[in-house]
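The values are calculated or read from the model by the stated rules, or taken from the named source; none is laboratory data. These numbers come from a predicted model, not from an experiment. Every residue, glycine as well, gets a Cβ built from its backbone with ideal geometry; the counts of neighbours run over all protein chains shown. Surface accessibility is based on the protein's heavy atoms, side chains included, excluding ligands, DNA and RNA. Shrake-Rupley method; radii C 1.70, N 1.55, O 1.52, S 1.80 Å.
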Amino acid sequence: MSAYHRPASLDQALAIRAGADVAVLAGGTDIIPARTARAAWGDPPRQDVLDISAIPGLNRVETTETGWRIGCLVTWSGLLRAGLPPLFDGLCQAAREVGGAQVQNRGTLAGNLVTASPAGDGIPNLLALAAKVELASAEGRRILPLAHFLTGYRATALRRDELLVAVQVPRLDGAQGGFRKLGARRYLVISIAMAAGVVALDGQGRIRTARLALGACSAVAQRLPALEAALRGVTLAEAAQVPQAAHLDGLAPIDDIRASAAYRRDAALVLLRDLLAGMPTP
Amino acid sequence: MMEIACILNGAPRRFRVDPMAPLSDTLREGLGLTGTKEGCNAGDCGACTVLIDGAQACACLVPSAQAAGAEIATVEARDGAVGALLARLRAAFLAHGAAQCGICSPGMLMAATDLLLRDPAPDRAAVQDALGGVLCRCTGYVKILDAVQAASRGLLPAGEMPPAGAAVGAPIARLDGAAKLDGTERFGADEAPEGALWLRIMRSPHAHARFTLGDLEAARQRLGLAAILSAADVPGSNAFGIMPHLKDQPVLAEAHVRFRGEAVLALVGSRAALAALRDADLPVAWEPLPALQGTAAARAPDAPQLHPHAPGNLLIEGRLNRGTEAPPAAVTAETHFRTGFVEHAYIEPEAGYAVPAPDGAGMEVFACTQAPYMDREETARVLGVAEELVRIRPSACGGGFGGKLDASIQPLLAVAARRLGRPVRITYSRAESMASTTKRHPAAITARMAADAEGHFTSYAFEADFNTGAYASWGTTVANRVPVHAGGPYRIPHLRNRARAIYTNDTPAGAFRGFGVPQAALATESLVDDLAAKLGLDRWEIRRRNAIGRGDTTHSGQVLHASAGLPACLDALKPDWEAMLAEVAAHNADAPRLRLGAGIACMWYGCGNTSMSNPSRMKLVLGRDGRLTLFNGAVDIGQGSTTVLAQICADALGLPLDQFRFVLGDTALTHDAGKTSASRQTFVSGRAAMETGLALRRRILALANAGEDAALALEGTRLSVGAARVIDLATLDADLEAEGRYDPPTTALDENGQGTPYATYGFAAQIALVAVDRALGTVKVRRIVAAQDVGRAVNPTLVLGQIHGGIAQGLGLALMEEFLPGRTENLHDYLIPTAGDVPEIVVRLVEDPEPEGPYGAKGVGEPALVPTAPAILSAIRHATGVTLHEVPVLPHRLWEALR
Ligand SMILES: Cc1cc2nc3c(=O)[nH]c(=O)nc-3n(C[C@H](O)[C@H](O)[C@H](O)COP(=O)(O)OP(=O)(O)OC[C@H]3O[C@@H](n4cnc5c(N)ncnc54)[C@H](O)[C@@H]3O)c2cc1C
Ligand code: FES
Ligand code: FES
């Protein structure tokens, strides 16, 4: 039988992590379904488990000098209770649309990032928030921009001895976030495509900073630098007209059971326009 | 193992757990709290919802270790704020008919409790958000949402039971509801004998392959199992199947598998040993073969033949020919249509146990089923024993919809229990249930329809290949039923219908609410819209002009002498239809992107088996102890037959319903009521229940020498008959016993499909209002108005429940459901409607009494599903101008059609 560790401190957890190949478990909402699926076809996982849910201090959203620090045990519901500013509206919208209430109450944002599914709803939002991840090992900590952390389809730069301990989000004053998710039913649905964005306006009501990202349209969710540049200096009222097909050239959507690639490409554009059109004017 | 302490339902508890075992498993298997259900063990169904520190969570996703120090509440909670809210919710669920099969109810109740703890007066949207993570396949959610809102307003008083003679027509709460709502109902996985061994099936990962087995005994020892059973261990005939002449499916495959998920080996042992075992450790050598996927591949001239009895892989072709020459037509329409596999997605995976009799012959099987007597027959044949030696005790059935008509676990359990000489239990995983049990047949249809200048239909032709998968199951029934219904409930003088069932290497397709008729209706109703468009007629109008009614002749040459309420259904919808069209026009005038559309469709559905005897028999006993017991063999799979049959029987006898006790569906105690399918229980068993009640009444009246309309009253053992006579039951020599039987009058169909296949038909029409986002191709169904001729609504609450549930399944068929073997074998990727997907539903009941039926009643179960999908497609077309030829209408499909 495989071992189950549930340490009560981060140091202990990191020591276990350093010593053995363990499956890290937080909310379990990704890892347990994956185990169920394997077991059903006669391939039950035998890896030891490191349950980090009892480690104190990791389930807080803190305000720092430069922004926010979201502990790795913060759940989707926890995020919604944190009283975050409009910058986080997109991420909070995602938190309301992930799975159902049960999954929102247990699943963590950090787990969503480590799973690194192309359809992870947290990912485009945190890309648009220019988030960084804080990785800890027994040897120390390192901080990576989220875009560098995500290295491919369900692949990350997380080392075998590391834990993701927090997500850092820099301040962007006066900014507004937004999120559009497209699925084939209302609840409990994995996104066919999704768009997330953050915009900040200058004194004249023109876009000073725009950061936009699309999910489920490539192996890893992506920012759209060309579109972001094109939006700079544009008023919100005009913003929805800016996104064009060429802005999505860097994407590589696929055909799968949920949708065709051609549809995803087109729908992504619609979602981006809708997202911009729906941004509240301050 | 580790010891944990927590607060469970208000009380401090300590117990030992496997830290990684799901909390749901610890509650159920470790602590005996089986009120928490498991439908998927993957977070997808919410049946396992409990409260952890006051917040709802899927107990299947919580490692038991995480319960340490937590406060946990389950449906068994009685005390405190949670207990008080649960009491209110239970009463409201009962009164609103919000629990049908009840397998989702504990999860729904806990999710609702979570909500009401946070928000004492939630609006509809908040209720949907709170319940969005719990799937229900039976109710269509509307009644659940209603119930939660009602509960938020306080405790509803318990409903009154109707007095003698007033049960039929009373919207009473289901009689078996309380247990479904307090967690005490026993579903297949909820009980097992002490010391039962566990069974796990090793299944083929290939759609088509040969295999050889190595040394099973060596493997058994190495893996620490009690047994590894193969085809060679089946004591009787290693074959099962629905039709007497078509037992084509092996219990355990013999050297050759024909679909992914086919059972190969039965592994018996401790739960831990089975859970740890890898299929790769078993001595099975595979030789994969090319697989025939889809009917086109199976019908190709060079396709290998999958069964010796089916050249060309053709299982059967059903036909209907009517009329020699078609009347002249002014317009003709042609279409083609494709549907995919649809999964029943009952929330309860197959589960149960078998107990062998010590004599080495007898066997008792406790399992979820829709057909106990058929299970008995299959199990006996597989064991090689007489049927009487097998007893089937149906568990509560957590949803069936046709999927639990076929034997699944029963033969496997019986074989294992016989070989081991010990009780053996099994619970299918969700993936196993989806991969190995039957589906709705995919259909590839071409059809043509013509009308004269006034819009009267002149001819209809239909050809379809139904993919019956690797084994026959109900393929013959589909091929026989479809030609009779394909043309739709319209007067058509000339028809040429063909429906073929084709073997492939796909998952076996069997019975699913409608037996092929919903697929055919998609093509036919689209043709009706085409003809209306060509003639410039309103879509309601063309249907009304052609609607079959009393005195008309069906496509199989049967005259409808009574209970043919389609014209009345359409008339009932007329005002709704006009209002809907006006709403659409007003909205679309300035809404280029979000378009509304209105759609309409009709249906008919023969109640009972097609041209086959399908009797039902009931028994009623008034004991010398004054106890009145109905022995009812009909399995209530959530649709409510236990309640409906009791209502009918009570009025026939003339005693009040609350004096009845019940012995239900047990092949050792009740007579064969036939299977719960084909919308037959209310009609066929209902009539048997009526005959039974009448028979006992006649006995009593004779005994008392009383007149026909003498009122009965029972108090203790004193039975008063009329005003003057009193019988003291205790003084009688024997209990008063009566039986009733009914077999609907049908005749065989001739080679042209002519005859009287059914004694009566259900009729319905529905209209749908949808909103289509033209840019994204998404569809939201906003409203469905359903008119249905049910003959007589014996219990209006239960009738509404069937209609709502059918509509939700029809919506799934239209917009999201598609089973792809190997790819959507879970409820994560196979999407069924959630609480947020079901529209407002308005029901207009039409009661055109059926003289054959009990108090005029006929079947309601399947009809509601049939018109929904075609009405939605009709509405999408109205909104967009696009005619669709395939379901489900996934966003990308509609988007492509719109390009
Ligand atoms: C029914 C259902 C519906 C869902 N719907 C959605 C949806 O709509 N959108 C969506 O994006 N997701 C969805 N999910 C997926 C899931 O809920 C999220 O990805 C969730 O946020 C994962 O968090 P967790 O804490 O549960 O992760 P876990 O399952 O505990 O872990 C996930 C992965 O992250 C690793 N991990 C977790 N925490 C750490 C850490 N701190 N350091 C290092 N590694 C770590 C684990 O080892 C594992 O590989 C759904 C899941 C279910 C069951
Ligand atoms: S059993 Fe837990 S969600 Fe299905
Ligand atoms: S009552 Fe909800 S699944 Fe049956």
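General observations
- Screening the candidates B:Ala461, B:Ala470 for the property of being in contact (Cβ under 8 Å) with a residue 12 or more places away in the chain and open to solvent by 10 Å² or more (accessible area, probe 1.4 Å) yields one hit, B:Ala461.
- Options B:Arg260, B:Arg271, B:Arg299; residue that is farther than 30 Å from B:Gly755 by Cβ, buried (at least 17 other Cβ atoms within 10 Å of the Cβ) and within 31 Å of the chain's Cα centre (by Cα): B:Arg260
- From A:Ala166, A:Ala184, A:Ala196, A:Ala200, residue being outside any strand (DSSP E or B) and either farther than 21 Å from A:Ala130 by Cβ or away from chain B (no Cβ under 14 Å) (or both): A:Ala184
- Unmet criterion (only one of (1) in contact (Cβ under 8 Å) with a residue 40 or more places away in the chain; (2) more than 16 Å from ligand 1 (Cβ to nearest atom); (3) open to solvent by less than 30 Å² (accessible area, probe 1.4 Å)) for B:Ala95: (3)
- B:Leu89 open to solvent by 10 Å² or more (accessible area, probe 1.4 Å) and more than 16 Å from ligand 2 (Cβ to nearest atom): no
- Checking each residue in segment A:31-54 for being more than 9 Å from every other protein chain (Cβ to nearest Cβ), near ligand 1 (Cβ under 9 Å from one of its atoms) and part of a loop (DSSP other than H, G, I, E, B) picks out only A:Ile52.
- Condition met for B:His344 (part of a loop (DSSP other than H, G, I, E, B), outside the structural domain of B:Gly455 (by TED's automatic domain parsing) and open to solvent by 40 Å² or more (accessible area, probe 1.4 Å)): no
- Hits in segment B:865-899 - residues which are over 26 Å from B:Ala582 (Cβ atoms) and either buried (at least 22 other Cβ atoms within 10 Å of the Cβ) or within 13 Å of another protein chain (Cβ to nearest Cβ) (or both): B:Leu865, B:Val866, B:Val887, B:Pro888, B:Leu890, B:Pro891, B:His892, B:Arg893, B:Trp895, B:Glu896, B:Ala897, B:Arg899
- Summed over segment B:343-373, residues that are more than 14 Å from chain A (Cβ to nearest Cβ), in contact with a helix residue (DSSP H, G or I) (Cβ under 6 Å, 6 or more places away or on another chain) and within 16 Å of ligand 3 (Cβ to nearest atom) total 1.
- Qualifying residue in segment B:623-636 (condition: part of a helix (DSSP H, G or I), more than 27 Å from the chain's Cα centre (by Cα) and surrounded by fewer than 24 Cβ atoms within 10 Å (Cβ to Cβ)): no
- Yes/no for A:Ala268 being within 21 Å of A:Leu146 (Cβ to Cβ), touching a residue at least 40 places away in the same chain (Cβ under 8 Å), assigned to a helix (DSSP H, G or I) and open to solvent by less than 20 Å² (accessible area, probe 1.4 Å): yes
- Selection count where residues are away from ligand 3 (no atom under 16 Å from the Cβ), crowded, with 24+ Cβ neighbours inside 10 Å and outside any loop (DSSP other than H, G, I, E, B), scope segment B:29-50: 1
- All positions within segment B:125-146 that are within 11 Å of another protein chain (Cβ to nearest Cβ), away from ligand 2 (no atom under 16 Å from the Cβ) and open to solvent by less than 10 Å² (accessible area, probe 1.4 Å): B:Tyr141
- Number of the exception - A:Glu134 against (1) open to solvent by less than 10 Å² (accessible area, probe 1.4 Å); (2) within 13 Å of ligand 1 (Cβ to nearest atom); (3) touching a strand residue (DSSP E or B) at 6+ places or on another chain (Cβ under 8 Å): (1)
- Residue count for segment B:61-108, restricted to those that are more than 20 Å from B:Gly806 (Cα to Cα), within 16 Å of ligand 3 (Cβ to nearest atom) and within 13 Å of another protein chain (Cβ to nearest Cβ): 1
- Among residues of segment A:236-260 that are in a loop (DSSP other than H, G, I, E, B), those with a beta-carbon under 7 Å from a residue that is polar (S, T, N, Q) and crowded, with 18+ Cβ neighbours inside 10 Å at least six positions away or on a different chain give the pairs A:Gly250/A:Gln222; A:Leu251/A:Ser218; A:Leu251/A:Gln222; A:Ala252/A:Ser218; A:Pro253/A:Ser218; A:Ile257/B:Thr824.
- One residue from B:Ala158, B:Ala192, B:Ala121 being surrounded by fewer than 24 Cβ atoms within 10 Å (Cβ to Cβ), more than 16 Å from ligand 3 (Cβ to nearest atom) and without any contact (Cβ under 8 Å) to a residue 40 or more places away in the chain: B:Ala121
- One residue stands out among those in segment B:260-306 that are part of a loop (DSSP other than H, G, I, E, B) and under 20 Å from B:Lys439 (Cα atoms): the one that is farthest from the other protein chains (Cβ to nearest Cβ), which is B:Leu306.
- Flag if B:Thr184 is open to solvent by 10 Å² or more (accessible area, probe 1.4 Å), hydroxyl-bearing (Ser, Thr, Tyr) and within 28 Å of the chain's Cα centre (by Cα): yes
- Candidate set from segment B:324-338 (those that are within 14 Å of B:Arg448 (Cβ to Cβ) and not polar (S, T, N, Q)); member that is nearest to the chain's Cα centre (by Cα): B:Phe337
- Residues satisfying the criterion are present in segment A:116-136 (criterion: over 24 Å from A:Gly177 (Cβ atoms) and either within 16 Å of ligand 3 (Cβ to nearest atom) or of a type outside the set (D, E, K, R) (or both)).
- Residue that is farthest from the chain's Cα centre (by Cα), among those in segment B:39-59 that are near ligand 1 (Cβ under 9 Å from one of its atoms) and of a type outside the set (A, V, I, L, M): B:Cys58
- Subset of segment B:371-396 (residues that are surrounded by 22 or more Cβ atoms within 10 Å (Cβ to Cβ), touching a Gly at 6+ places or on another chain (Cβ under 7 Å) and part of a loop (DSSP other than H, G, I, E, B)): B:Ser395
- Any hit, segment A:47-68, residues being surrounded by 24 or more Cβ atoms within 10 Å (Cβ to Cβ), away from ligand 2 (no atom under 16 Å from the Cβ), farther than 21 Å from A:Thr151 by Cβ and at pLDDT 95 or above: yes
- The numbered conditions (1) farther than 19 Å from B:Leu86 by Cβ; (2) more than 16 Å from ligand 3 (Cβ to nearest atom); (3) assigned to a loop (DSSP other than H, G, I, E, B) are all true for B:Thr26 except (3).
- Extreme residue, farthest from B:Glu825 (Cα to Cα), among residues of segment B:12-28 that are in contact (Cβ under 8 Å) with a residue 40 or more places away in the chain and more than 14 Å from ligand 1 (Cβ to nearest atom): B:Val17
- When B:Leu314 is tested against the conditions (1) more than 18 Å from B:Thr476 (Cβ to Cβ); (2) touching a residue at least 40 places away in the same chain (Cβ under 8 Å), the lone failure is (1).
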